[in-house]
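Nothing in this text is a laboratory measurement; each read-out follows from the coordinates by a stated rule. No experiment lies behind these values; they were computed from the predicted model shown. Glycine also receives a Cβ, built like all others from the backbone with ideal geometry; neighbour counts cover every protein chain displayed.
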Amino acid sequence: MYRCAALAALLFCTVISRSEVVLTEGTNLTIDVGPDGRIAMDLLGSLWVLPARGGVADALDVGLLPAERPRWSPDGTAIVYQVHAAEQRRIALHSVSDAETRPLSGDRHFDQHPDWHPDGERIVYSSDRYDTGFDLWELDLPTGLTWRISSRPGDETEPAWSADGRHLIYINRDSDTWYLMLRRHGQPDEIVVESTTKLSAPSWRPDGSLISFVRQDVDGVHIDIAVLSDPPLVRRFISDGDIFESAVSWPDRSRMLYAANGAIMARNFDSWTSNFIPFSALVRQQPATRSLASRQRQLPKTSQPGGSLTVRTGRLFDGTGDDYQIGMDIVIKNGRVAELLPRDESLEGIVVDMGDLTALPGFIDSFASLPEDATDTLGPIVLSYGVTTMLVDHPRHEQLTDRWSGRDLPGPRLLPVALASSDPAANAWLIVLDGAFNEGVEWRKSVTRWQSRGLPVLAKNWRVALGSGATLLLGATSLPASPAGRRYADLELVNGAGPVRIVSALADSRTPGVRQLLA
């Protein structure tokens, strides 16, 4: 039996059973109350709307990219939100009445934190488009015109207009100091709160008398209020529970909604306690994909194409480091990768835009115990699974590599590697991690050691893979814990959804022989 073929089948077989799960809590929710009382929230990268008193949440069809931070329009007919794509943020608009979505910004800049002007025709947001940090900008929806409205040192983020559209609040961070800023109509900007710890998520009480905001300090995350007296009076307002960095939403001057403890909470302004607003969101997992082990494909033999082709993807992992490269074009000439260039809109020839996909150079870190009598015909079988390079301990690795490097019979490149017999995993050809998250943490040193020796390491679920440090394929940064470090039902679902095998051993700079391969 060819072990390498069995390995390839394991590497690229993902089985997810079709199921339905009802979520009643989420991690890092952001919420907003519409003029009719309905509540918009983000959950697992999607936008949802639920009744004012809670209940069943309806998912909005806003596309495949993760959607965050919804904000209702003043008339309740649309929601503006930010899109998370390729280490960037964009802003988009979803019409609730006709279920249509349109982008409000492209992928050239980092645009985030959109909010509405009360006239319903302008969007205020934060952008880095002048390369001077983040400034505040406005977009006029009828004309599409944009203009900058701030240029302070540091970053200006999270803007919000008062209910009458006359005053603006925002967060300014300059070095290690955060400021809650207020721009009164016709007056210069003034500092309301100055802090050496993080400030975020400001929002107006509808009558304009005070500002609520989130403060993160050594004691945890709290909701504070700044009464706009002269001078402003700052008080701690809510400090119990796992408070999320989401702006307080005020249905009226006496009632406020906020996100904490994986849930939506409501509190009257004159009360010391909060009420729980329940929600249920039906999440459908994707249908199962068929295992690739059931068939073997022979690659067709074709002549190499001519001309130039540019492949554009959201991010690139080229195997020479431990992180993604963002905004790169892959230029292919005469059938071979010629160069990697920063994104260039002026490139000639055919351009294939792959959107938010990630480009990989093939799975080039698979160790296989090839049988000594392996024949040349094994090359196309292994290559058909996507394995372009293998680490082997085989007496004929040079002959097989020469044979598979020609035009007649394609196959993977073989890199020689020897395993020390003193290693308990010396004769292993596949390591599978299973168990709880804490066990994954304990395995980190072993995982690094196994990977450095060329052994592929798999994890049966995301929790173990995250714990063992396999964050490259999993995109751990897109699954952050709450400010208190907790994960609620949504991330529990993602981290433990079925018998999913994750490849966590892509080649990097530590892989034996990879530098010679690149040379």
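Could you check the spin-label model distance between residue 269 and residue 53? Points 7 Å from the Cα along Cα→Cβ, value in nm.
Modelled inter-label distance: 2.4 nm.
Relative contact order for region 131-227 using alpha-carbon pairs under 8 Å, separation at least 6, rounded to a whole percent?
Numbers: 203 pairs, mean separation 16.4, N = 97.
Relative CO of region 131-227 lands at 17 percent.
Need one number: nm distance between label points at residue 343 and residue 233, each 7 Å from Cα along Cα→Cβ, rounded to one decimal.
Label at residue 343, label at residue 233, 5.0 nm between them.
How much FRET efficiency would the formula 1/(1 + (r/R0)^6) give for residue 121 and residue 334, where r is the Cβ-Cβ distance and R0 is 41 Å, rounded to 0.05? Show your work: numbers first, answer last.
Values: r = 52 Å, r/R0 = 1.27.
That gives a FRET efficiency of 0.20.
Extension gain residue 97-residue 326, at 0.36 nm per residue separation less the Cα-Cα distance, in nm?
Values: separation 229, 0.36 × 229 = 82.44 nm, distance 3.59 nm.
Additional length available on full extension: 78.9 nm.
By per-residue mean of other Cβ atoms within 10 Å, what is the highest-first order of 257-267, 387-397?
Values: 257-267: 21.9, 387-397: 20.0.
Sorting 257-267, 387-397 by mean packing, highest first, produces 257-267, 387-397.
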